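Below is one structure; the comments refer to it alone.
The values are calculated or read from the model by the stated rules, or taken from the named source; none is laboratory data. Remember, predicted model here, so these are calculated numbers, not experimental data. Note that each Cβ is placed from the backbone with ideal geometry, even for glycine, and that neighbours are counted across all protein chains shown.
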Amino acid sequence: MAKIVFKHPESLKENIFHYCPGCGHSIVHRLVAEVIDEMGIRGITIGVPPAGCAVLAYNYFDVDMIEALHGRGPAMATAIKRCLPDRVVFSYQGDGDLAAIGIAESFHAANRGENFSVIFINNAVYGMTGGQMAPTTMLNQRSTTTPAGRKQSVDGYPVKVSEIFSRLDGAAYVERCAVSSPAGVNKTKKAIRKAFQCQLDGLGFSLVEVLSLCPTNWKLSSVDSCKYIDEVMSKVFPPGVYKDLTGKTGKTAEARP
Amino acid sequence: MIIKTIFSGFGGQGVMMMGTSLAQSAMSKGCHVTYLPAYGAEMRGGTANCTVAVSDEEIASPVASEPNYLVVMNQPALFTFQNRVTAGGSILINSSIVEASPSRQDITTFYIPCTDMAQELGNSRAANIVMMGAFVRQSDIVPPEIYLKTLETIMGSRKKALADINRRAFAAGYEYVQK
Amino acid sequence: MNKVLMSGNNVIGEAAIRAGCRFYAGYPITPQNELTEYMAEHMRNAEGGIFIQSESEVAAINMIAGASAAGVRVMTSSSGPGISLKQEGISSMAAQELPGIIVNIMRGGPGLGNILPSQGDYFQATRGGGHGDYRTIVFAPGSGQELADLTMDAFDLADKYRTPAMILADGMMGQMMEPVIFKKPKPRQYPEKFMLRGAGGGKSKFIRGLLLDPVDSEAHNWKLARKYEVISENETRFEEHRLDDAKLVIVAYGTAARIAKGAIKRLRSHDMKIGLFRPITLWPFPEMRLRTLSATVKNFLVFEMSTGQMLEDVRLALQGYADIEFHGRPGGAVPTPAELANVIARVYEQKD
Ligand SMILES: Cc1ncc(C[n+]2csc(CCOP(=O)(O)OP(=O)(O)O)c2C)c(N)n1
Ligand code: SF4
Ligand SMILES: [Mg+2]
């Protein structure tokens, strides 16, 4: 009997991704779906896709999903999880979505320790609208709204989401990964699994930041995009575990008034 | 007299540039023009198209109900737009890439192997300019000198070698279609 | 002045900078990204020009309110969802009598909708959009040239009446390229007494929006209302196209009016006596002129890229003095002139 080494995750529909070739969204979608399959939670999972390139995620994930307005995913996810505490709820957000227009909703969901997970795709640009500056765009990085490169004096500094959110008392688990290498992909998958487990254990807010490639707007090949993540992005946004309360015993969720 | 043309093909084939260069040159000839691109999600799928209207009087609608010309740079473009062309209109096809032919009898079709021709000239990316050579001759909307002059302005400060290839590509397309 | 071929989004940006706009804040959204990008590239080169890519549309509108208070000519732009987010700020600018230009390059709605051309934001634009008893001057340009001219005029009127003004166009107007000539802008006339620049040695000023005292509040509302009346009397604009012998008049604005003109051209060649009435200001709506027309024309057809919004203003204007038919294509659908011509011809023949 042949051993199956590759199969289509059950939590992914058969539809063909609309993402550009080499796009990091495709990779992360697959990882999330594999985790859902492996944890056996397809039937109790509800996802909240953003306005961003992943806006059509409901075409790919075979779980219940409701599209949120730009940046408001964490508010929707908060409410869904509060109404259905035994479900697994995740919002899926880009850097513009989470750290620009939706920073208030994300920040306060984390600060309240809402018991859902955020899958945060950091590709350092606004992908969907055609490559404008994102909050995570790095200094001197060119974008269509920073034609001469991002300047600290007028555009400010790149926002370091994992560093900031890990400082909030409501956050239970925050990790930054990168999908630029096989090892990074494996780490990302583990992190997503841990985030979902954190939620099942009622520990509170979890966030997995993924350094993700956007070959189209970076105007690089997929291979060079991976190099860019490893050599440039990872220096500004170092991967690693920024907060982890999952090892601690006792359910913090119950301890909260 | 108003003449509307749809240019259509893959993103990256320079389809939009074909449209803007026609609009720009017709404007410098003194005509009224509109250039209307398809944008956004329509382009994510990898296709690109635009409509150019040229007229000696004010242009009412930039939307083309029945274009006089359809320029087809890839196969899907032919199927999407061939039925829109006005009876008696013309379709110009990049026959290096497009294998099918129009199913209509009431139009004139020109087959120009522009990708191959551009390759022979040393730059397959000039296929759109080869096509513009054929188009300018067939359509008679702008004189070739005006078109070429406009093209040079658009290309601006870019390399001289490129300008040279463009001129030769244009001439090749222009010669290819007999009037 | 030379003709230049530019996309509508870029025309608005260029016209604004020429008109002396020196502060722009915006947030990306299709189909107006080219305008934000144009300002990113050119505002920083204009003397004293400030461009900020804000963190949201909410921030953008409040940024222009601040810059306006500081005495600078200001503009922001967006589409659909972003314009909705700006409404609280627009209401506040109307209340605080702060001039500023808001550009809405309409896309299909409701909700995220789509990014195609639409005219579904007519109610939002003309009815105030935000809360409270206020109006916004709304221009609906119908060509690249008008985008240039009306953008400049909008700055002048916003200053003159100390009120926010809106340019209401759609994805097609924003993306389409047409030749334009930029006219010479008028010098700005905006008294320093309305600007907050620090009291210096003189009396300090404040600009407020909260009026807890009902007497003050009512007085302020009446003052605004009188201003809106003056605007209605003096600033209403429209275009009449082939109305002289028309038996049926199409009422349409912006892109829809362009398509209607194409359709009319076709039908006129078949001897059908059809004309176009095109409101250029949607607020104030050219109500009186339309009512006058109903003395001679008895049949109107309203055409919009929506399910029927301006239709209500036409009904109010005609007050039952004429028959009104409607044709609409919502959600990003743009009919061709041929399609519209068929609809118009059917109505025309019924009425004939
Ligand atoms: C209120 C509002 N403003 C703007 C937009 C337009 N918009 C859609 S997605 C997006 C940004 C996408 O960037 P990001 O969140 O980084 O996601 P990516 O596409 O890069 O994955 C914007 C500005 C919108 N849909 N709603
Ligand atoms: S634009 Fe970038 S983020 Fe969007 S699908 Fe393409 S590669 Fe992915
Ligand atoms: Mg992004």
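Worth a mention:
- Test for C:LYS184: is it of a type outside the set (Gly, Ala, Ser) and either at pLDDT below 95 or in a loop (DSSP other than H, G, I, E, B) (or both): yes
- Only one of the numbered conditions (1) farther than 30 Å from C:GLU41 by Cβ; (2) within 16 Å of ligand 3 (Cβ to nearest atom) is not met by A:ARG112, and that is (2).
- A:ILE4 meets each of the listed conditions (1) assigned to a loop (DSSP other than H, G, I, E, B); (2) within 16 Å of ligand 3 (Cβ to nearest atom) apart from (2).
- Taken over the range A:185-222, the criterion of being more than 16 Å from ligand 1 (Cβ to nearest atom), within 19 Å of the chain's Cα centre (by Cα) and part of a loop (DSSP other than H, G, I, E, B) is satisfied by A:LEU203, A:GLY204.
- Qualifying residue in the range A:107-114 (condition: in a loop (DSSP other than H, G, I, E, B), more than 9 Å from chain C (Cβ to nearest Cβ) and crowded, with 23+ Cβ neighbours inside 10 Å): yes
- Residues that are part of a helix (DSSP H, G or I) and either out of contact with any helix residue (DSSP H, G or I) (no Cβ under 6 Å at 6 or more places or on another chain) or at the interface with chain A (Cβ under 10 Å from one of its Cβ atoms) (or both), drawn from the range C:18-37: C:ARG18, C:ASN33, C:GLU34, C:THR36, C:GLU37
Results for (1) more than 12 Å from every other protein chain (Cβ to nearest Cβ); (2) assigned to a loop (DSSP other than H, G, I, E, B), shown as yes or no for each residue.
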{"site": "B:GLY9", "(1), (2)": "yes, no"}
{"site": "B:GLY12", "(1), (2)": "no, yes"}
{"site": "B:MET18", "(1), (2)": "yes, no"}
{"site": "B:SER25", "(1), (2)": "no, no"}
{"site": "B:TYR35", "(1), (2)": "no, no"}
{"site": "B:ASN49", "(1), (2)": "yes, no"}
{"site": "B:ALA53", "(1), (2)": "no, no"}
{"site": "B:ALA60", "(1), (2)": "no, yes"}
{"site": "B:LEU78", "(1), (2)": "yes, no"}
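- Here B:ASN94, B:ASN74, B:ASN83 are screened, and the one residue that is more than 14 Å from chain C (Cβ to nearest Cβ), out of contact with any helix residue (DSSP H, G or I) (no Cβ under 8 Å at 6 or more places or on another chain), of a type outside the set (Val, Ile, Thr) and touching a residue at least 12 places away in the same chain (Cβ under 8 Å) is B:ASN74.
- Test result for C:ALA59, in contact (Cβ under 8 Å) with a residue 12 or more places away in the chain, at the interface with chain A (Cβ under 10 Å from one of its Cβ atoms), assigned to a helix (DSSP H, G or I) and over 21 Å from C:ALA165 (Cβ atoms): no
- Failed criterion for B:SER65 (all others in (1) touching a helix residue (DSSP H, G or I) at 6+ places or on another chain (Cβ under 8 Å); (2) not in a loop (DSSP other than H, G, I, E, B) hold): (2)
- When the test is whether a residue is touching a residue at least 40 places away in the same chain (Cβ under 8 Å), under 30 Å from C:GLU37 (Cα atoms) and surrounded by fewer than 24 Cβ atoms within 10 Å (Cβ to Cβ), A:MET128 does not pass it.
- Of all residues in the range A:147-163, those that are without any contact (Cβ under 8 Å) to a residue 40 or more places away in the chain and either buried (at least 24 other Cβ atoms within 10 Å of the Cβ) or more than 9 Å from chain C (Cβ to nearest Cβ) (or both) total 7.
- Strands (runs of 3 or more DSSP E) (entirely within the range C:243-334) containing at least 2 residues that are at pLDDT 95 or above and within 14 Å of chain B (Cβ to nearest Cβ): C:274-279
- Among residues of the range B:81-98, those that are buried (at least 19 other Cβ atoms within 10 Å of the Cβ) and under 16 Å from C:ALA338 (Cβ atoms), counted: 3
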